[in-house]
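See below for the structure under consideration.
The values are calculated or read from the model by the stated rules, or taken from the named source; none is laboratory data. Small disclaimer: the values here were computed from a predicted structure and weren't measured. Every residue, glycine as well, gets a Cβ built from its backbone with ideal geometry; the counts of neighbours run over all protein chains shown. Note: areas computed on protein heavy atoms with side chains; ligands, DNA, RNA excluded. Shrake-Rupley method; radii C 1.70, N 1.55, O 1.52, S 1.80 Å.
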Amino acid sequence: MTDNPEGRRGSDDRRQAPTDGPVAPNTPIRRPSDDLRVRAAIRNELATDRPIEPGELPALVNERTAENVIALDHVSLAFDEPILSDVSFTALAGETIVVAGESGTGKSTILKLLLRLLVPDKGTVFIDDEEITELNFPDALKVRQKMGMVFQGAALFDSMTVFENIAYPLREHTTLDEDEIEARVREKLSFVDLDPDRVMEQLPSDLSGGMRKRVGVARGMANNPKIMLYDEPTSGLDPLTTATITHLIIKLQRELAVTSVVVTHDIRSAFRMASKIAVLAEKRIVFFGTPEEMSASDDKYLRDFLGGF
Amino acid sequence: MAYIWLRGHRPECQPPASNAIASHQRPHLIERFNEGAKRRVHSLQEFFVLGGKAIGFAFSRPFYRADLIQQMDSIGVQSLPIVLLTGFFTGMVLALQSSVQLKTFGATMYIGRLVAASMIRELGPVLAGLMVAGRVGSGIAAQLGSMRVTEQIDALNTLGTDPIRKLVTPRVLAALIMVPALTVINDFAGIFGGSIISSAYVGIPTSLYWRTVFEQIAADGFIFRYIPTDFIQGLIKPFVFGAIISLVGCNFGLKTTGGTEGVGVATTRTVVTASILLLVVDYFITQILLAVFAS
Ligand SMILES: Nc1ncnc2c1ncn2[C@@H]1O[C@H](COP(=O)(O)OP(=O)(O)O)[C@@H](O)[C@H]1O
Ligand SMILES: [Mg+2]
């Protein structure tokens, strides 16, 4: 953190900051941590709060040529009572589908169906045009490798360090050697704007909620999956951290063109990142369409739903 | 039912059972009774499937050796103090009580035999088992339970690991190895405690005490020429107890529902179930072994 390999950027920053005193010669130039820089950028963005132009954020998807990456086809599932009945939706390559709905409507259940942690009572789930409903464990593992999941509470392994957590999928799924694993872990940590040297050896219990979420994202994307699933990535976080995480999801979909499914309560960030929004109510998807279509709709439930946020 | 599926005990390749009665249909009393019985049988079946899988995974790759060693430490090494302590005091009290009884027959010189027989055959295994059930069984349930409710189990699955292979197999193996080891230590601690009491209060010379101990061990004969039959009894039991404790803990831990409160429930259930099961199974093993060795 104190050593600055790209001193140029650091000294530029310094020159622009009028309140800083003169820098003693030979002292290494300190630059604000990545964390702070990102936060400052987001604070700026929030301050201006310019309206999002339609289709600006999600990578533009050509509906005609893009293939179905995710498809739920007439899926029904009951635990003690029915949770989902006849739910269908698809996600094209590069799209971000936001699943919104009140708690307990089965949003997390949908993600678990996609991961084949649950199997539907009726209907089928397709990942990359492959039906995953009837797969055995080894084949299910292969499909899961295509997906990165960010769990609601991050679900970091609390007996392992941050490094071990992110290295976990690499050790399980790949034949990378130790150096390559470390390089990959550093890369992913930098991507989520955490300082590798500072957090790698920490335990999840040492981290703040927002940092844990970010480590969760880093672990989810460690394998370079083509699909990312997020379970309420911003719930329980302060507005600033919420913006950081939203920013991160958008960055992922833009820079790496991953297909994503985001479960969220936060309709504001939903509008910022969604290609399409699916609203879940009464065991069914009551709305599936673009954010613009959603705000244009005069369906009473949708209006109430939007008004509620 | 999907419920069972998520708990991760069903063979992965089986399609979901579609004939389960959904409880929201409010079935009639008899059906409900049937349903309850079915569920009980089912959970017993799940328990054995879990055990089978856990053992099966010990013989195939990948094998999580670091986890096994860590579990052997936390199940075995860290239980050492309580096992030493309980064994020691049990042996002392055993010597004290039997000295009173034996005195009336003028047979106090047999104290060593009595302490050795009770410790090795019965008290050693059962005491070590109960202590481990309390300390380790509850720990396993709490650990796996909190991993379940914080979705770490789902995360393992997602990241390419069978949670049974990674979590249950090392714990079961560690218990199978360590509970017998702890039992032997418990036996020794007890017999040693007995020797202190018999020389300090009863006035039996230590050498005589230990001679009677070895007489007792040799009394029932040997298996394969060198292994005293008493040891067989005393080691089959803790082996089975180890399996019971670890599997009950893992089973309740993995099935935890309902957040942090659920973890507490799983922990309590584990200790109660494992302890009762242990005592019941102890009775039946004893009966079987007595029949086998009598013939
Ligand atoms: N493993 C399970 N067993 C029984 N019921 C469950 C299980 N998982 C979820 N449920 C129930 O399914 C419903 C939907 O859960 P969930 O998908 O987590 O909702 P959401 O994420 O939308 O808040 C809830 O009522 C929950 O109690
Ligand atoms: Mg949820």
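The H on the amide N of residue B:204, modeled in the peptide plane, is under 5 Å from the matching H of B:199, each at least 5 residues off or on a different chain. Each stretch of four or more DSSP H residues adds -39500 (n - 2.57); spread over every residue of chain B, this sum gives -24000 deg cm²/dmol at 222 nm.
Please list, by residue number, every one of the trypsin sites (Lys or Arg not before Pro) in the range B:216-295 that is coil in DSSP and has at most 16 other beta-carbon atoms within 10 Å. Could you put the intermediate results ahead of the total?
On the way: sites: B:225, B:255, B:269; in loops: B:225, B:255.
Answer by residue number: B:225.
Please report how far the C-alpha centroid of the range A:116-175 lies from that of the range A:221-236, rounded to the nearest whole angstrom. Comparing the Cα centres of the range A:116-175 and the range A:221-236, I get a distance of 11 Å. Checking the cross-link pairs A:213/B:38; B:53/B:237; A:251/B:166; A:283/B:255; A:276/B:53 against a 32 Å limit on the alpha carbon distance flags A:213/B:38; A:251/B:166; A:276/B:53 as lying beyond it. Once you order the gyration tensor axes a ≥ b ≥ c over the Cα atoms, which shape class does the range A:89-203 get: rounded for a/c under 1.5, otherwise prolate or oblate by comparing a/b with b/c? It comes out prolate by the Cα gyration axes. Applying both filters, DSSP loop and at most 15 other Cβ atoms within 10 Å, to the GluC sites (Glu not before Pro) of the range A:195-292 gives A:201, A:282. Projecting the Cα atoms of B:30, B:260, B:172 onto the charge dipole of chain B (Cβ charges, centred on the Cα centre) puts B:30 farthest toward the positive pole. Using a simple spin-label model with pseudo-atoms 7 Å out from Cα toward Cβ, residue A:139 and residue B:272 lie 4.3 nm apart. Residues whose amide H lies under 5 Å from that of residue A:96, counting only those 5 or more places away or on a different chain, are A:260, A:275, A:276; hydrogens are built 1.01 Å from N in the peptide plane.
Between the beta carbons of residue A:88 and residue A:268, assuming R0 = 45 Å, the FRET efficiency works out to 0.95 to the nearest 0.05. Here is the P(r) of the range A:175-309: all C-alpha pair distances, binned every 5 Å from 0, give 2, 9, 18, 19, 17, 13, 9, 6, 4, 2, 1, 0 in whole percents. Summarising the label geometry, the points placed 7 Å from Cα in the beta-carbon direction at residue B:93 and residue A:300 lie 7.2 nm from one another. Counting only whole DSSP H helices of chain B, the ones at least 18 Å long by C-alpha along their axis and with mean Kyte-Doolittle hydropathy no lower than 0.0 are B:80-105, B:169-197, B:206-219, B:229-254, B:259-294.
In chain B, what is the volume of the convex hull around the alpha carbon atoms, normalised per residue and reported in Å³? List each step's numbers first, then the result.
Working: hull volume 53.4 nm³, N = 295.
About 181 Å³ per residue, rounded to a whole number.
Using Cβ point charges alone (K and R +1, D and E -1), the dipole size of the range B:154-293 about the Cα centre works out to roughly 220 debye.
Projecting the Cα positions of B:132, B:78, B:45 onto the charge dipole of chain B (unit charges on Cβ atoms of Lys, Arg, Asp and Glu, taken about the Cα centre) puts B:45 furthest along the positive direction. Distance from the C-alpha centroid of the range A:189-217 to that of the range B:107-180: 34 Å, rounded to the whole angstrom.
Computed with a 1.4 angstrom probe on protein heavy atoms, the A-B interface buries about 2600 square angstrom of accessible area in total.
Sorting B:91-103, A:133-145 by their mean Cβ neighbour count within 10 Å, with the most densely packed peptide first, gives B:91-103, A:133-145. Rounded to 0.05, the FRET efficiency of the residue A:198 and residue B:85 pair, given R0 = 56 Å and the Cβ-Cβ distance, is 0.80. Legend: calculated FRET efficiency, residue A:174 to residue A:81, from the Cβ-Cβ distance at R0 = 45 Å, rounded to 0.05, equals 0.65. Projected label points at residue B:103 and residue B:265, each 7 Å from Cα along the beta carbon direction, are separated by 5.3 nanometres.
With bins 5 Å wide beginning at 0, the percent of Cα pairs of the range A:164-242 falling in each bin runs 3, 15, 27, 24, 19, 9, 3, 1.
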